[in-house]
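Chemist: Please find one structure pasted underneath; my questions will follow.
The values are calculated or read from the model by the stated rules, or taken from the named source; none is laboratory data. All figures in this text were calculated on a predicted structure; none of them were measured in a lab. Using ideal geometry, Cβ is built from the backbone for each residue, glycine included, and neighbour counts are taken over all protein chains shown.
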Amino acid sequence: MKAVKATTLYDGKGSKKDVYVGFEGSEIVYVDTKKPDCDVIGEGVVTPAFIDPHSHIGLDRAGEPGYESEANDKLDSMIPLGRAVDGVYMDDHAFSESVESGVLYSVVLPGSGNILGGMGSLIRNYSSNIKDAFVQDIGVKMALGYNPRSTAEWKGKRPTTRMGVGAIIRDRFTTAAKTIKLIENGKKTMEEVDNETEFLIKLVKGEYKIMCHLHKEDDALFLMSLVDQFGIKPIINHGMDFHSASIFEEIKKRDLSLVYGPLDSHPYKVELKHESWKNVELVQKSGVRFALISDHPVILQRTLFLTTRHFMRFGATKEECVSYVTSRPAQILGLDKLGTIEKGKLASFSVWNKDPFQFDAYPNMVFGEGKTLVNL
């Protein structure tokens with residue numbers, strides 16, 4: 001066993017002083033105030049690995065022109081069988097900068113130019129190739145609002161209005177729902193169903209999560225109409241134009257989660273006209289489950305933790321802010337082995353030179369599943 005001493009431990013739920021964190025192999029095996037009988041290899045303020053639940057890192061790559069982006073495929077507006085990991089290159093140097101900032105895990109999603117863009121997956125930012133980086137599939141990217149209706153010049157069946165986006169979604173979801181009934185009634189077998197409809201059946205039945213891109217409150221209400229009609233359980237992604245308490249009441253009523261952000265980006269389109277960092281007060285006080293995202297490269301993933309400062313302006317504690325990028329995304333995404341520092345969890349954490357809420361703080365040691373990634 002090896003251990004580090006946490007002068008302050010932000011464990012993803014709260015904080016403790018002068019705690020030792022011991023790990024063996026890839027797992028945390030010891031968390032206690034008593035010094036363990038092993039090598040203590042570092043000391044500082046300790047936080048769990050940061051998790052970014054919505055990014056395009058490795059698809060939109062640093063130092064490469066826009067036409068090299070692999071975030072969106074122009075094949076059709078519905079590409080349910082696509083997989084974001086098939087387009088990721090791990091030599092994107094943004095990965096190493098994220099690791100140096102304590103962001104060790106990314107959910108990499110297809111872009112939002114397509115209504116259904118394909119499967120998004122959790123990856124390790126510190127792996128050298130996608131085979132080793134891949135952890136698990138998370139959910140299917142769906143997009144509402146301006147983005148999917150702004151791609152009329154792309155190939156395939158394309159909407160030009162939000163009404164058209166809704167029509168395509170309802171058509172495909174209704175086909176899936178009807179096919180489910182035919183199978184249940186013995187009038188059809190799954191072997192007779194085409195691959196895309198089979199995939200949509202699993203989506204409607206909740207076997208895959210839906211990571212739904214939207215910003216405006218009216219688009220969120222449309223999504224919730226799909227929840228009411230088809231029984232889906234999406235995770236709302238973005239919500240940056242949410243500016244009234246009533247929308248959060250609708251989200252809470254349906255027990256939905258929100259991965260919120262990116263904060264500190266320029267509101268570059270009309271559907272962001274109510275966007276403001278001050279909206280975080282509504283998010284924080286709403287009681288809705290939420291975590292923070294970078295939407296990298298919209299803001300650089302290495303700055304994800306810095307966006308928690310806005311919540312502190314409205315009374316969030318340091319412990320709560322750490323949870324927004326650790327235990328909260330782990331809870332929302334169903335990542336049982338990540339998000340907190342406790343026995344049995346993966347040994348993925350950072351040791352900071354000082355309290356990470358200080359402007360000049362940085363991790364001088366970073367561990368990914370027991371492996372030393374940074375040692376300054």
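Chemist: If I filter segment 221-240 down to residues being within 18 Å of E275 (Cβ to Cβ) and in contact with a Cys (Cβ under 8 Å, 6 or more places away or on another chain), which single residue comes out as surrounded by the most Cβ atoms within 10 Å (Cβ to Cβ)?
Modeler: N237
Chemist: What residue, of T317, T303, is of a type in the set (S, T, N, Q) and either in contact with a Leu (Cβ under 8 Å, 6 or more places away or on another chain) or touching a residue at least 24 places away in the same chain (Cβ under 8 Å) (or both)?
Modeler: Answer to the check: T303.
Chemist: Okay, next question. Do we have A143 as in contact (Cβ under 8 Å) with a residue 60 or more places away in the chain and more than 24 Å from D241 (Cβ to Cβ) here?
Modeler: The answer is no for A143.
Chemist: For segment 328-337, indicate whether the set of residues that are in a loop (DSSP other than H, G, I, E, B), at pLDDT 95 or above and in contact with a Phe, Trp or Tyr (Cβ under 9 Å, 6 or more places away or on another chain) is non-empty.
Modeler: yes
Chemist: Here is a follow-up. Scan K233, K209, K273 and give me the residue that is in the same structural domain as E320 (by TED's automatic domain parsing), in contact with a Pro (Cβ under 9 Å, 6 or more places away or on another chain) and modelled with pLDDT under 95.
Modeler: Every option except K209 fails the conditions.
Chemist: Also, quick follow-up: Going by the conditions given, is A133 among the small types (G, A, S), farther than 30 Å from D241 by Cα, at pLDDT 95 or above and buried (at least 16 other Cβ atoms within 10 Å of the Cβ)? Step through it out loud before you land on a result.
Modeler: Details: among the small types (G, A, S): yes; farther than 30 Å from D241 by Cα: yes; at pLDDT 95 or above: yes; buried (at least 16 other Cβ atoms within 10 Å of the Cβ): yes.
Answer is yes for this residue.
Chemist: If you don't mind, another one. Go through segment 250-260 and give me each residue that's loosely packed, with under 14 Cβ neighbours inside 10 Å and under 22 Å from H310 (Cβ atoms).
Modeler: K252
Chemist: Hey, can you tell me all the residues within segment 84-107 that are of a type in the set (D, E, K, R) and surrounded by fewer than 16 Cβ atoms within 10 Å (Cβ to Cβ)? Talk me through it step by step, then tell me what you get.
Modeler: Here is the first cut: in segment 84-107, the ones of a type in the set (D, E, K, R) are 86, 91-92, 97, 100.
D86, D91 - these are the residues of segment 84-107 that are of a type in the set (D, E, K, R) and surrounded by fewer than 16 Cβ atoms within 10 Å (Cβ to Cβ).
Chemist: Restricting to segment 188-220, name every residue that is among the small types (G, A, S) and either surrounded by fewer than 21 Cβ atoms within 10 Å (Cβ to Cβ) or out of contact with any strand residue (DSSP E or B) (no Cβ under 8 Å at 6 or more places or on another chain) (or both).
Modeler: Residue satisfying the conditions is G206 alone.
Chemist: Give the residue that is surrounded by the most Cβ atoms within 10 Å (Cβ to Cβ), with candidates limited to residues of segment 30-63 that are under 31 Å from the mean Cα position of the chain (by Cα) and among the acidic types (D, E).
Modeler: D52
Chemist: Considering only helices (runs of 4 or more DSSP H) fully contained in segment 41-157, which possess at least 3 residues that are closer than 20 Å to I299 by Cβ and not assigned by TED's automatic domain parsing to the domain that holds V374?
Modeler: Output list reads 94-100.
Chemist: State all residues of segment 1-21 that are more than 28 Å from the chain's Cα centre (by Cα) and either among the charged types (D, E, K, R) or under 18 Å from K337 (Cβ atoms) (or both); if no residue qualifies, say none.
Modeler: If the condition is that a residue be more than 28 Å from the chain's Cα centre (by Cα) and either among the charged types (D, E, K, R) or under 18 Å from K337 (Cβ atoms) (or both), then K2, K5, K17, D18 are the ones that fit.
Chemist: Being aliphatic (A, V, I, L, M), surrounded by fewer than 19 Cβ atoms within 10 Å (Cβ to Cβ), out of contact with any Gly (no Cβ under 9 Å at 6 or more places or on another chain) and modelled with pLDDT of 95 or more is true for just one of L300, L263, L306. Which residue is that?
Modeler: L306
Chemist: Kindly indicate whether any position in segment 9-25 is among the acidic types (D, E), in a loop (DSSP other than H, G, I, E, B) and buried (at least 24 other Cβ atoms within 10 Å of the Cβ).
Modeler: Within segment 9-25, one or more residues are among the acidic types (D, E), in a loop (DSSP other than H, G, I, E, B) and buried (at least 24 other Cβ atoms within 10 Å of the Cβ).
Chemist: Looking only at segment 64-108, how many residues end up being over 23 Å from K157 (Cα atoms), aromatic (F, W, Y) and more than 18 Å from the chain's Cα centre (by Cα)?
Modeler: Here the count works out to 1.
Chemist: I would also like to ask the following. Report yes if Y67 is of a type in the set (F, W, Y) and modelled with pLDDT of 95 or more, otherwise no.
Modeler: For Y67, the condition - of a type in the set (F, W, Y) and modelled with pLDDT of 95 or more - is not met.
Chemist: Also, quick follow-up: If you check V259, V283, V322, V298, which single one turns out to be in contact (Cβ under 8 Å) with a residue 12 or more places away in the chain and part of a strand (DSSP E or B)?
Modeler: Matching residue, one of V259, V283, V322, V298: V259.
Chemist: Follow-up. For V288, work out the one condition from (1) among the hydrophobic types (A, V, I, L, M, F, W, C); (2) under 25 Å from I115 (Cβ atoms); (3) more than 17 Å from the chain's Cα centre (by Cα) it doesn't fulfil.
Modeler: Every listed condition holds for V288 apart from (3).
Chemist: Now a separate question. Filter segment 180-203 down to residues that are within 31 Å of the chain's Cα centre (by Cα) and either under 20 Å from I115 (Cβ atoms) or of a type in the set (K, R) (or both), then give me how many there are.
Modeler: So the count comes out to 10.
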